[in-house]
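Peer 1: Dumping the structure here so I can ask a few things about it.
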């Protein structure tokens, strides 16, 4: 069951795991026993960018989130906002987090990330400009595609697919 909701947002009754008939058969979800409100717990869409810096010999920018322990570098990611397309959202995220301007965008694929209950929409973003990180990011590194090591989850799988499309067989790290 989902963490986060404990009480019904409609009537404030404590939620309970209640099985109910749905399309496809019975399903147990957090539901309100008083008003029958249901917490669907649908995955959250997350946008990700494989940023190829066209003004830096095609190197790929990976960044370390300030909240992460250790020295893991990963793709730029962020949540879509209401009223924007995924393409608009990833352009905004790249600009907000790196100050880079995206001049070309291509969908790499869509990936599940069940550990975080997310669906990742990954793009290859060709970008240029002066790199200035938002406070959300602690540092960045620029990698030649052949030197990138991927991880076996979500955005790491998108990065591996992109590398293969560029003629590089990815190597993986264990997290």
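The values are calculated or read from the model by the stated rules, or taken from the named source; none is laboratory data. Every value quoted in this text rests on a predicted model; they were computed, and no experiment measured them. Heads up, the Cβs are rebuilt from the backbone with ideal geometry, glycines too, and the neighbour counts pull from every protein chain shown.
Okay, residues lined up against (1) part of a strand (DSSP E or B); (2) farther than 24 Å from residue 144 by Cα:
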| site | (1), (2) |
| --- | --- |
| 34 | no, yes |
| 62 | yes, no |
| 88 | no, yes |
| 92 | no, yes |
| 96 | no, no |
| 106 | yes, no |
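Peer 1: Same structure, new question: Looking at region 37-49 only, could you name the residues that are surrounded by 12 or more Cβ atoms within 10 Å (Cβ to Cβ) and either without any contact (Cβ under 8 Å) to a residue 60 or more places away in the chain or out of contact with any strand residue (DSSP E or B) (no Cβ under 6 Å at 6 or more places or on another chain) (or both)?
Peer 2: Within region 37-49, 37, 38, 39, 41 meet the criteria.
Peer 1: Would you check if residue 78 is farther than 18 Å from residue 57 by Cα and modelled with pLDDT under 95?
Peer 2: no
Peer 1: Checking the condition assigned by TED's automatic domain parsing to the domain that holds residue 121 and without any contact (Cβ under 8 Å) to a residue 24 or more places away in the chain, which residue from 24, 78, 83 passes?
Peer 2: Just one listed residue meets the conditions, 83.
Peer 1: From the set of residues in region 117-133 that are touching a helix residue (DSSP H, G or I) at 6+ places or on another chain (Cβ under 9 Å) and either within 14 Å of residue 61 (Cα to Cα) or free of Cβ contacts under 8 Å to residues at least 60 places away in the same chain (or both), which is surrounded by the most Cβ atoms within 10 Å (Cβ to Cβ)?
Peer 2: Step by step, filter region 117-133, then rank; the result is 125.
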